[in-house]
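As C-alpha cells, the structure follows; a few thoughts come after it.
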Amino acid sequence: MADPREWILLNPGPANTTPSVRRALVTPDLCHREPEFFEVMRECRARLARLAGGGSDWSTVLIAGSGTAAVEAAIASAPPAGGALLVVVNGVYGDRMLRMARAHGIAAEALTYDIFTPAVPADVARALAAHPEISHVALVHHETTSGLLNPVAEVAAVAARHGRRVIVDAMSSLFGEPFDLDLPALDFVTASANKCLQGIPGVAFVLARRTALDALKGRPPRSVYLDLHNHWVQQEADNTPFTPAVQVLHAMRQALLELEAETVARRIARYAENARVLREGMARLGFESLVPPPARSSILTTLRLPAGVTYGLHHLRRAGGPAHLRLPRLQHGHAHPGRHGRCRRSLRRQPERGRLVPGEVQVLDEEAVGVSRSATAPPGRSECLGGMGGHFGAPHSTRRAPPAAR
C-alpha cells in the first residue's frame, strides 16, 4: 500500500514537486509519434528557452534521461575532430565532465581547484593561451559538491577574448540562481526537469545557440543516443529519434506553467530567503559556512559541525497536517565518512529549493537548537555538514555523502 504521507525532502535533488505536477503524470496512453505528444514537446521546448531568457537565437533539445545525459550529449557533440576541452574541476560534477570527455576520446585539460574555491578567470586565460587546440571551456555553474558558484560570466568573457566557446552545466542552478544566456561565447547550457524547475526526474535538456547546433551538421557523431544534432534536427521537425519519456514530459509542462506563474525572479528570491533563514539560524548556533560568501549559492549550504556533533536522520510530523518532514538530525557520536576534498568526513548536504518556504526552514534551526544545547563534545573536534539552502529534494541516506543523482 502506498505511503500517504508527504515528505519535505532535504537532499540536493530531485526537488519536492506540487500535487498538480504529480497529477500531470497520469495521462491516457499516448504514442510518442502522435501530434498530441508533439504539441507537448513543442510547448516544453519553447517555454524552457523563453523562461531561461533565450531569444530566437536559442533552442532547446530534450533528452530522456537523467541530467547527466544532457551534459554528456553536449560534451560528446561540441568539440570538433581534433579539438580539445578545458574543464574546470572543483567538485564531483566538473570531474564527471572531464571523465566524459576522455571516455569519448576527446583531449581534455583540467583546471583543478579545491571544492571550496571557484575558478580563477586569469588561470583560464593562461590555459587557453598555452593550449591553442582547446575549442571549448566546460564548467559547472553550481557545484553541488559544496554549494560553490563558479564565475561563469567572467570565464565566458575570457573565452570570448581568446576565440573559444563555453559549455555550462547549470543542472542545479538554472531557475534557482541568476543566469545570463546572453554571455559572450556561451553555446551550450545543460539542466534537467527535477532541480529548480521542480519537475519529475527523467527528462534533461540542453539550451543551445542555433548557430552552435548548426555547426554540428555533418560531423561524425561520437555517440548514437547522445548525438545532440540528431535530437535537435528531429525535434525541430516534430519528430524524435528515440522513445521519449511521454508522461514525464507532461509533468514538465505543468512545472513550467507553475514556474511561469511564480516567475523566475520570485523563485530565485524564495530560494535566497530560504538560504538566509537557514544560515542565520545555524550561524547563531556556531555553525561555520565553508564556502566564502561571494561564491556561496542559495541552493546548497555546507557547514562545519561543532565538535562532537554529527548527522543522522530524523522524521518529524508537520503539525496540523499529514505531511512529514524528513530532517537531517544533529546527533552525538562519530561522523559518517564523507567523500569530497577537505570535507572527507562531511555529511549530507541540505537543500533549500523546491516547494520549501522559509517557515519550514526554521524547523531545521529549531531542531539544531535542541541538539546543540545538549551536545557534549570532545575538545578540538569538528566535522563538516553539507546542506542545501533553497529547494528540497528526496530522502537520503545518512551513511555517506554521495553526489546527488543527476
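The values are calculated or read from the model by the stated rules, or taken from the named source; none is laboratory data. On a predicted model such as this, the values are computed, not experimentally measured, just so you know. Every residue, glycine among them, receives a Cβ derived from its backbone with ideal geometry; neighbour counts consider all protein chains shown.
Side notes on the structure shown:
- Residues that are part of a helix (DSSP H, G or I) and in contact with an Asp or Glu (Cβ under 9 Å, 6 or more places away or on another chain) were ranked within segment 134-155; the one that is surrounded by the fewest Cβ atoms within 10 Å (Cβ to Cβ) is A153.
- Scanning segment 259-284 for residues that are buried (at least 17 other Cβ atoms within 10 Å of the Cβ), under 20 Å from the mean Cα position of the chain (by Cα) and either among the aliphatic types (A, V, I, L, M) or over 17 Å from R296 (Cα atoms) (or both) yields L259, V264, R267, I268, A272, A275, L278.
- Contacts under 8 angstrom Cβ, first residue in segment 146-164 being closer than 24 Å to F116 by Cβ, partner β-branched (V, I, T) and surrounded by fewer than 24 Cβ atoms within 10 Å (Cβ to Cβ), 6 or more apart: S146/I115; S146/V291; G147/V291; L148/I115; L148/T117; L148/V291
- Qualifying residue in segment 32-47 (condition: under 30 Å from S146 (Cβ atoms), in contact with a Leu (Cβ under 8 Å, 6 or more places away or on another chain), surrounded by 14 or more Cβ atoms within 10 Å (Cβ to Cβ) and not β-branched (V, I, T)): no
- Residue count, segment 81-95 (criterion: surrounded by 19 or more Cβ atoms within 10 Å (Cβ to Cβ) and either among the basic types (K, R) or in a loop (DSSP other than H, G, I, E, B) (or both)): 2
- Looking across segment 162-212, the residues that are in contact with a Pro (Cβ under 8 Å, 6 or more places away or on another chain) and part of a loop (DSSP other than H, G, I, E, B) come down to S172, A193, N194, K195, I200, P201.
- Taking the criterion of being assigned to a helix (DSSP H, G or I) and in contact (Cβ under 8 Å) with a residue 12 or more places away in the chain, the residues of segment 96-121 that qualify are R96, M97, L98, M100, A101, P121.
- Test: residue in segment 288-299 that is in contact (Cβ under 8 Å) with a residue 60 or more places away in the chain and either basic (K, R) or in contact with a Cys (Cβ under 6 Å, 6 or more places away or on another chain) (or both): yes
- First in segment 37-52 and outside any helix (DSSP H, G or I), second anywhere and among the β-branched types (V, I, T), Cβ under 9 Å, 6 or more apart: A52/T60; A52/V189; A52/V264
- Look at segment 197-220: where a residue is buried (at least 24 other Cβ atoms within 10 Å of the Cβ) and among the polar types (S, T, N, Q) and a partner is in a strand (DSSP E or B) and at pLDDT below 95, sitting 6+ places away or on another chain with Cβ atoms under 6 Å, you get Q198/A15.
- Complete set of residues in segment 223-279 that are farther than 19 Å from R33 by Cβ, touching a Pro at 6+ places or on another chain (Cβ under 6 Å) and either modelled with pLDDT of 95 or more or not in a helix (DSSP H, G or I) (or both): D227
- When K217, K195 are checked against the criterion of being within 23 Å of the chain's Cα centre (by Cα) and at negative phi, a single residue qualifies: K195.
- Selection from segment 160-181 of residues that are aliphatic (A, V, I, L, M) and either surrounded by fewer than 24 Cβ atoms within 10 Å (Cβ to Cβ) or touching a Leu at 6+ places or on another chain (Cβ under 7 Å) (or both): A160, V166, V168, L181
- Neighbours by Cβ (under 6 Å, 6+ apart or cross-chain): first from segment 233-245, within 13 Å of R45 (Cβ to Cβ); second in a helix (DSSP H, G or I) and modelled with pLDDT of 95 or more: T240/Q234
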